[in-house]
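Engineer: I'd like to ask you about the structure that follows.
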Amino acid sequence: MNIFFELHSDLPREAPGDMASTAKALSLIPKLPKNPQILDIGCGPGMQTLALAKITKGQITAIDNHQPFLDELQQRAAQENLSSYIITQNCSMFSLDFQPESFDLIWSEGAIYIMGFQEGLQSWHHFLKTGGAIAVSELSWLVTNPPEEPLNFWKNAYPAMKNITENITIIQNLGYNYINSFTLPESSWWDDYYTPLERRINNLRQKYQGNEEANAVLDEEQREIELYRKYSDSYGYVFYLMQK
Ligand SMILES: C[S@@+](CC[C@H](N)C(=O)[O-])C[C@H]1O[C@@H](n2cnc3c(N)ncnc32)[C@H](O)[C@@H]1O
């Protein structure tokens, strides 16, 4: 198995986040209709999809291009009696094939960076009903002058990373009404993401003893975790909410 997927299977989530933050973002959206049509883009194993289903009782189309994550989401939904609210679809966010204005709400936690913050918001606009809302979480600088170490790391890993003000300007320039934004708590990085990921890295170290290539991947993941441990004041995940 590809070591990346070995690292990233069967984790509670695939990006920082938590149920309370998903619920908070939802509560900030004005006038969501009863049983809304929701698109969850890059849903992964779907912790946020399940939260959306529980709270809204809407119809959620959850898309991802990695089938094992969709299978896991379906299993979790069945365990929680939420299957009737969730349809999974294996497709790429780069080539979504929905009718224009299909959704009351477009959701994406930790996944819009794959297209780029601006590019994603620009391309998804088309699928949103007038008056509909978008909620995305995005890795963002929390300070105007970040220290050199995280700056260099993220310049390489995510060169398009912006600060909160810059992202709000992008939202407004695209013609959305900016609603609100908030930074996810540090616990949302650790509890369901970095802590289980770090445990997995340690297990894989034993399995891949002496395998330089595998250990280089594990080192890189560990480095990202150490960096956050040191510089969590400088960057974080931020939820951005906007309306068409
Ligand atoms: C960082 S994870 C976030 C997953 C989930 N939203 C969460 O918070 O746990 C990004 C997700 O995007 C998916 N992904 C990557 N490229 C994609 C693409 N082109 N189209 C759709 N999904 C994609 C990955 O499989 C992964 O599940």
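Engineer: Collect the residues in the range 6-28 that are open to solvent by 40 Å² or more (accessible area, probe 1.4 Å), more than 9 Å from the ligand (Cβ to nearest atom) and under 17 Å from the mean Cα position of the chain (by Cα), keeping them in residue-number order.
Structural biologist: Those that are open to solvent by 40 Å² or more (accessible area, probe 1.4 Å), more than 9 Å from the ligand (Cβ to nearest atom) and under 17 Å from the mean Cα position of the chain (by Cα): Asp10, Met19, Ala20, Lys24.
Engineer: Among the residues of the range 91-114, how many are among the small types (Gly, Ala, Ser), in contact (Cβ under 8 Å) with a residue 60 or more places away in the chain and under 28 Å from Gly236 (Cα atoms)?
Structural biologist: 3
Engineer: Yes or no: the range 49-57 includes at least one residue that is in contact with a Ser or Thr (Cβ under 9 Å, 6 or more places away or on another chain), under 28 Å from Lys207 (Cβ atoms) and within 9 Å of the ligand (Cβ to nearest atom).
Structural biologist: No, the range 49-57 contains no residue that is in contact with a Ser or Thr (Cβ under 9 Å, 6 or more places away or on another chain), under 28 Å from Lys207 (Cβ atoms) and within 9 Å of the ligand (Cβ to nearest atom).
Engineer: Looking at this structure, is Lys57 on the phi > 0 side of the Ramachandran plot and surrounded by fewer than 23 Cβ atoms within 10 Å (Cβ to Cβ)?
Structural biologist: yes
Engineer: What do you reckon, is Leu82 at negative phi, away from the ligand (no atom under 12 Å from the Cβ), open to solvent by less than 80 Å² (accessible area, probe 1.4 Å) and aliphatic (A, V, I, L, M)?
Structural biologist: Spelling it out, Leu82 is indeed at negative phi, away from the ligand (no atom under 12 Å from the Cβ), open to solvent by less than 80 Å² (accessible area, probe 1.4 Å) and aliphatic (A, V, I, L, M).
Engineer: Answer yes or no as to whether Thr130 is assigned to a helix (DSSP H, G or I), within 23 Å of Ile179 (Cβ to Cβ) and either within 16 Å of the ligand (Cβ to nearest atom) or open to solvent by 70 Å² or more (accessible area, probe 1.4 Å) (or both).
Structural biologist: no
Engineer: Hey, another quick one. Give the range 35-47 a look and list any residue that's open to solvent by less than 10 Å² (accessible area, probe 1.4 Å) and within 29 Å of Thr130 (Cα to Cα), or say none.
Structural biologist: Pro36, Ile38, Leu39, Asp40, Ile41, Cys43, Gly44, Gly46
The values are calculated or read from the model by the stated rules, or taken from the named source; none is laboratory data. On a predicted model such as this, the values are computed, not experimentally measured, just so you know. So basically every Cβ, Gly included, is an ideal-geometry build from the backbone, and we count neighbours across all protein chains shown. We work out accessible area using only protein heavy atoms, side chains counted, and drop any ligands, DNA or RNA first. Shrake-Rupley method; radii C 1.70, N 1.55, O 1.52, S 1.80 Å.
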